[in-house]
Structures are given as structure tokens and as C-alpha cells.
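Please read the structure below before turning to the comments.
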Number of protein chains: 2
Amino acid sequence: MSLPPPSPHRVQIEHLVRRAIYQRLGQTPPQSAQAPNPLLVNISARHCHLTPQAVEALFGKGATLTPMKWLYQKDQFAAKEMVTLIGPRSRVISNLRILGPCRDLNQVELALTDAIALGFDIPVRPSGNIKGTPGCMLMGPNGFFEMPDGVIRAAPHVHMHPDDAAFYGVKQGDYMRMRVGGPCAVTFDRMLVRVSPDFKLEVHIDTDEGNACVFGPDTPVELLK
Amino acid sequence: MSLPPPSPHRVQIEHLVRRAIYQRLGQTPPQSAQAPNPLLVNISARHCHLTPQAVEALFGKGATLTPMKWLYQKDQFAAKEMVTLIGPRSRVISNLRILGPCRDLNQVELALTDAIALGFDIPVRPSGNIKGTPGCMLMGPNGFFEMPDGVIRAAPHVHMHPDDAAFYGVKQGDYMRMRVGGPCAVTFDRMLVRVSPDFKLEVHIDTDEGNACVFGPDTPVELLK
């Protein structure tokens, strides 16, 4: 793992500066600056999570994932390694990114537009809840790996620390709303709440959702109970 | 034009039956049944509108569009004819459907996912407002046709008759909200209102928007001022 550790994200620095300024001015900060942590929204492009066994089948005996880019959540990374996804009509998606580290189950997360293009009929599921979902074939440089299930569209969700959950007044498994501004303003009315002491406040929506509201770095966004 | 004329849409028949039942029972119908017309939501897949000159350039001298399927709006149809769209990085979309009848301007409407895949940086525009938008090359069986501009992402919009506008209390150019239920419930906060005596009440969203909220025939939907 030669990749240097991640530096603080822009939203974290901005959040600290904003709070410091309000404090210095002796003013009450707005709601968003009172939050214990800044709100980061990331668009998840299609990707997969794999077991160590799947990585070995696809990339060779002893192969492991190589971090290419650290993600916002602790220890999570986009790997250098990618696979080819083969759908039910033999249509393929090349260069499907693997996210690491390895997990104890294999899961492919597609946007519905991807799924329709490939011919998958996939359900909306929270990550890890793959029972009864379609399977697929993956192809790597060392061979094929068949997934009997695990192809899902991830439910739009927000990762949060218990401090964030307390601030917003929500708990694990609740749903929140996220209001996105701009020229194609959209309110996502069912954002699944996932709480863990290991999590940082971060919303994950997929490319369909991000493109539907033309989400960009300057798009105004608000998380609502 | 050998295609038989369109029969009433399912939502129109349901609307009439619903109103008749409430009347027979002597009960006050709910808000949606009081509306002068039923609400139909259609997902617009990528498509184009062409001038007669463009059709001749692409399909040959004297060529015209052949209706394949009538659309909900009066006299509008999906044509049998399709073109190939060539994007800025020479990536292509084959089988881009032409909608008829011909118009007095050429316009390609893509979802943002399509645009990104092809390398277009397109703005969100109301139909017909194409000044300063990217152009593209179209290819047909008879040759190429270059559009200097006209590639847009159509703003999500609702067509309505003046009767509908009166009922909802909106006018041409206003924005409304559309609340979509289901497992990926979404509220579209900026639905452009387009009013004409020729229009029937119909919402058009694109495939990104439709896929973001997993829109299907049984998805509950509500139009709000």
C-alpha cells in the first residue's frame, strides 16, 4: 500500500473555517454550520465489492487489491484492479471498478440505466442485502468468476457517525430527505440512514440520481429529517 | 400514414370511470379525480426532432418521416426512421429515434448519462431554446447532416391544456413540483409548465429521472403547485 494517506477533504476544511469565523464574530452559525460534521455528497459510479476468493479467481493465486485512490470513508479505496461484467444477454460492461478492501460477500452495484442496457432486472437494496437478487459473470485477466446473486441497485443512503445521527434526530434504518437545489432541483425522499462509529457523514447516490439533479461540486444540498 | 389513429389512453379511460363512479355514489371525488384531465407521466428516451431538409439529407431526396407509433400529444409520433448520432469524441449512439412531424429546427435530446458517455457537455434547456448549445453530426442511410447546435438535455416539463393550468393555478413558464412515490421516492422540484390549447396533460421526464425514481406504470405520482 504505497498510496499516501488521504488528506482532509475540502468540505471538512471549509466546515472548520466556517465554524471558526462564526465563533470569532460572536454570531450564531446557521443550522448547517452547527452540525458536528460537514455534509459530503458523492456520486457512486457502478462498481463491485469482492471476496478474497473472487479476487484470486479473477487476478490469480495470491492476488490482492491495490489502492489507487482513498475514498472518504476510513480505509475504503478504489482499487487499481477492474473487471469485466457480463450480463444476461452477453452484453458487457468493461472496466468495472473494484472497491476495497475485500468483503465477505460479492456485490455489483449498478445504476438502473446500466442495468437496463445490460438486460438485468435488479431490485433496489441496501448494501449487503442480496438474497434473491440476480447473479452475473465477472471476467478478469486470470479467469472468470460466477456470482449466483449480488447484482443490485444500491438504495440511496447516508453514512453517519452516531454524533450526526443525534444531531439530525435519526437512527440506523430510518429514512431522511435530501433536498438538492439548482436548475434540476430534486428532493430525494427516501435516503436510507446507516449509522456506525466508523462512518463519516457522507451521502451516496448513483449516477442516475446524480445526473437527474445535475449534481456538481457547487450544487446546494440539505439533509432533512 | 397507414398507422391507425390512436385509441384513448388507459389513464383517460380510468379517469372517466373514476369520475363516473364517484358521481353515481354521490360522493365527492378526491383532488386527483376532480382534475379536468388525468395525469400521465412518460419517460422520454433520447431522441431527435428534425427539419424536412435534415430528413432529406439523411434519408434521400423527397424522404419523409413514417409514423411507427402515435404519442400522447396530438399528431406527434415516433417515426420508423432512426439516425446515428456521432459525438465529439467520435463515440456514437446508434438507432436514435426521430420524433415527428418535422419541426422548423433540429434538436437532439439526451439524458445526461448519454451525454457523458459520448463526451457532450450539454445544458438543461426548454425545448426549442438551443442557442449556444453544442452541435453534433448525424448519420443516415443517405448521408451525413451536421447540426451546428441543438444538443440539449430537455428540462423536465409538463404539457397542459389551459383547463389544466386553471385547475392547478399555474401558467406558461411557471415551475411545479411532482412527487413520485415508491421505494426510491423523489420529488422533482422544478417541472417547467408548458400551456397550449393543443396540449394534453402529460409530464415528460428523461431516462435518468425515470430511473432515479424507478418510475413504472403503478408508481404513485402527484403534481403540486
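The values are calculated or read from the model by the stated rules, or taken from the named source; none is laboratory data. Predicted model only: the values in this text are computed from it and were never measured. Because the Cβ atoms are built from the backbone with ideal geometry, glycine has one as well, and the counts that use them run over all protein chains shown. With ligands, DNA and RNA removed, areas are computed over all heavy atoms of the protein, side chains included. Shrake-Rupley method; radii C 1.70, N 1.55, O 1.52, S 1.80 Å.
Quick notes
- Qualifying residue in segment A:198-210 (condition: farther than 12 Å from A:V41 by Cβ, away from every other protein chain (no Cβ under 13 Å), open to solvent by 10 Å² or more (accessible area, probe 1.4 Å) and not acidic (D, E)): yes
- Applying the criterion of at least 2 residues that are touching a strand residue (DSSP E or B) at 6+ places or on another chain (Cβ under 8 Å) and charged (D, E, K, R) to the strands (runs of 3 or more DSSP E) found wholly in segment A:116-221 leaves A:175-180, A:186-195, A:202-206.
This table checks each residue for (1) under 18 Å from B:M160 (Cα atoms); (2) at pLDDT 95 or above; (3) in contact with a Leu (Cβ under 6 Å, 6 or more places away or on another chain).
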residue	(1), (2), (3)
B:P8	yes, no, no
B:V11	yes, no, yes
B:H15	yes, no, no
B:I21	no, no, no
B:R24	no, no, no
B:Q27	no, no, no
B:Q34	yes, no, no
B:P38	yes, no, no
B:T51	no, yes, no
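- Evaluating B:M68 against the criteria (1) in a loop (DSSP other than H, G, I, E, B); (2) more than 26 Å from B:C213 (Cα to Cα) leaves one unmet condition, (1).
- Any hit, segment B:58-66, residues being within 20 Å of the chain's Cα centre (by Cα), farther than 23 Å from A:A111 by Cβ and touching a residue at least 12 places away in the same chain (Cβ under 8 Å): yes
- Filter result for A:T84 (in contact with a Ser or Thr (Cβ under 6 Å, 6 or more places away or on another chain) and either free of Cβ contacts under 8 Å to residues at least 12 places away in the same chain or surrounded by fewer than 18 Cβ atoms within 10 Å (Cβ to Cβ) (or both)): yes
- Subset of segment A:178-196 that is in contact with a Cys (Cβ under 8 Å, 6 or more places away or on another chain) and more than 8 Å from chain B (Cβ to nearest Cβ) - its residue that is farthest from A:V41 (Cα to Cα): A:G182
- When we screen A:P4, A:P8, A:P29, A:P38 for residues that are assigned to a loop (DSSP other than H, G, I, E, B), open to solvent by 50 Å² or more (accessible area, probe 1.4 Å) and over 30 Å from A:S94 (Cα atoms), the only hit is A:P8.
- Tally, over segment B:41-78, of residues that are open to solvent by 30 Å² or more (accessible area, probe 1.4 Å) and farther than 22 Å from B:L192 by Cβ: 12
- Number of positions in segment A:127-158 that are at positive phi and open to solvent by 30 Å² or more (accessible area, probe 1.4 Å): 2
- Pair list, Cβ < 9 Å and 6+ apart or interchain, from segment B:145-168 residues that are farther than 19 Å from B:T207 by Cα to residues that are in a helix (DSSP H, G or I) and among the hydroxyl-bearing types (S, T, Y): B:M160/B:Y168
- Hey, A:E14 open to solvent by less than 80 Å² (accessible area, probe 1.4 Å), of a type in the set (D, E, K, R) and more than 24 Å from A:E202 (Cα to Cα) or not: no
- Any hit, segment B:116-126, residues being touching a Leu at 6+ places or on another chain (Cβ under 7 Å) and away from chain A (no Cβ under 14 Å): no
- Within segment B:92-115, considering residues that are more than 14 Å from chain A (Cβ to nearest Cβ) and part of a loop (DSSP other than H, G, I, E, B), the one nearest to A:L112 (Cα to Cα): B:N106
- Qualifying residue in segment A:125-142 (condition: in contact with a Lys or Arg (Cβ under 7 Å, 6 or more places away or on another chain) and closer than 18 Å to A:V41 by Cβ): no
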